[in-house]
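Trainee: This is the structure I want to talk about, given as structure tokens.
All of the numbers you see were taken from the coordinates with simple rules; none came from a lab. For clarity, every value in this text was computed on a predicted model and none was experimentally measured. Positions of Cβ are backbone-derived with ideal geometry, glycine not excepted, and every protein chain shown enters the neighbour counts.
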Amino acid sequence: MSKDTALNEFKPIYIEKVFAQKNPKLAKKIPSFVYNYLKRVIHQDELNYFFGKYGATKGVEFTKHVLEYLNITYEIKGLENIPKDGRFIFASNHPLGGADGIMLISYLGQKYDILFPVNDILLNVKSLDNIFLPINKHGKRKFI
């Protein structure tokens, strides 16, 4: 798929639709002011602008755009402690919210084939769905 085609296929994320897909009955009961608050908190318009501009990229390339856009830099320490061969589980306690996850994907994705377990609602971020491993709220893997 060309970058132009991917941009033309970009569908904005609307919090109401995400909730409606996840739980239609609950979505109808949520008042408008709650949706409006969530839109502000998650910066829905800014996210849609960003996805419209960089949504054609996938995986590690996409995370590099995220870090650049947010002006985030990081330093990796202790690389000498990671063996060259084998399978690994890297864990983060999210001290920076989702930014540490983006940093992990960006760095580790250059060196390893990675899967990143996330709540299945994050599959709405299509630029990372090739890396995300959906886990529902009860800890069960959900295959799509």
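Trainee: Based on the alpha carbon coordinates of the chain, what radius of gyration and maximum Cα-Cα distance (Dmax) apply, in Å?
Mentor: Spelled out, the Cα radius of gyration and Dmax of the chain are 16.8, 52 Å.
Trainee: What FRET efficiency comes out for V34 versus H94 if R0 is 25 angstrom and r is the Cβ-Cβ distance? Round to the nearest 0.05. Working shown, then result.
Mentor: Details: r = 24 Å, r/R0 = 0.95.
For V34 and H94, the calculated efficiency is 0.60.
Trainee: Once both axes come from the Cα atoms, what is the angle between helix 59-69 and the longest principal axis of the chain, in degrees from 0 to 90, rounded to 10?
Mentor: Between helix and principal axis, roughly 80 degrees.
Trainee: In what sequence, highest mean first, do 109-121, 23-35 appear when ranked by Cβ atoms within 10 angstrom?
Mentor: Ranking the peptides 109-121, 23-35 by packing returns 109-121, 23-35.
Trainee: Mind checking which aspartates and glutamates have their C-alpha under 12 Å from K29, skipping anything on the same chain fewer than 8 residues away?
Mentor: Cross-link targets: E16.
Trainee: Let me ask something additional. Hey, if you put +1 on the Cβ of every Lys and Arg and -1 on every Asp and Glu Cβ in the chain, which of Q44, T63, S127 ends up farthest toward the positive end of that dipole?
Mentor: Selected residue: Q44.
Trainee: For helix 99-111, report the angle its Cα long axis makes with the longest principal axis of the Cα atoms of the chain; keep it between 0 and 90° and round to the nearest 10°.
Mentor: Approximately 50 degrees, to the nearest ten.
Trainee: Give me the extension gain from D113 to R87: residue separation times 0.36 nm, minus the current Cα-Cα distance, reported in nm with one decimal.
Mentor: Going from the current span to full extension adds 8.4 nm.
Trainee: Here is a further query. At 222 nm, what helix-only mean residue ellipticity would the chain give, in deg cm²/dmol to the nearest 500, using -39500 (n - 2.57) for each DSSP H run of four or more?
Mentor: Calculated at 222 nm, the ellipticity per residue is -13000 deg cm²/dmol.
Trainee: Just list whichever of K64/K126; K77/K111; K84/K111; K25/K126 have alpha carbons separated by over 21 Å in the model shown.
Mentor: As for pairs spanning more than 21 Å Cα to Cα, those are K25/K126.
Trainee: What full-extension length gain, to one decimal in nm, is calculated for E61 and I121 as 0.36 nm per residue of separation minus the Cα-Cα distance? Numbers along the way, then the final one.
Mentor: Working: separation 60, 0.36 × 60 = 21.60 nm, distance 2.14 nm.
My answer for the length gained is 19.5 nm.
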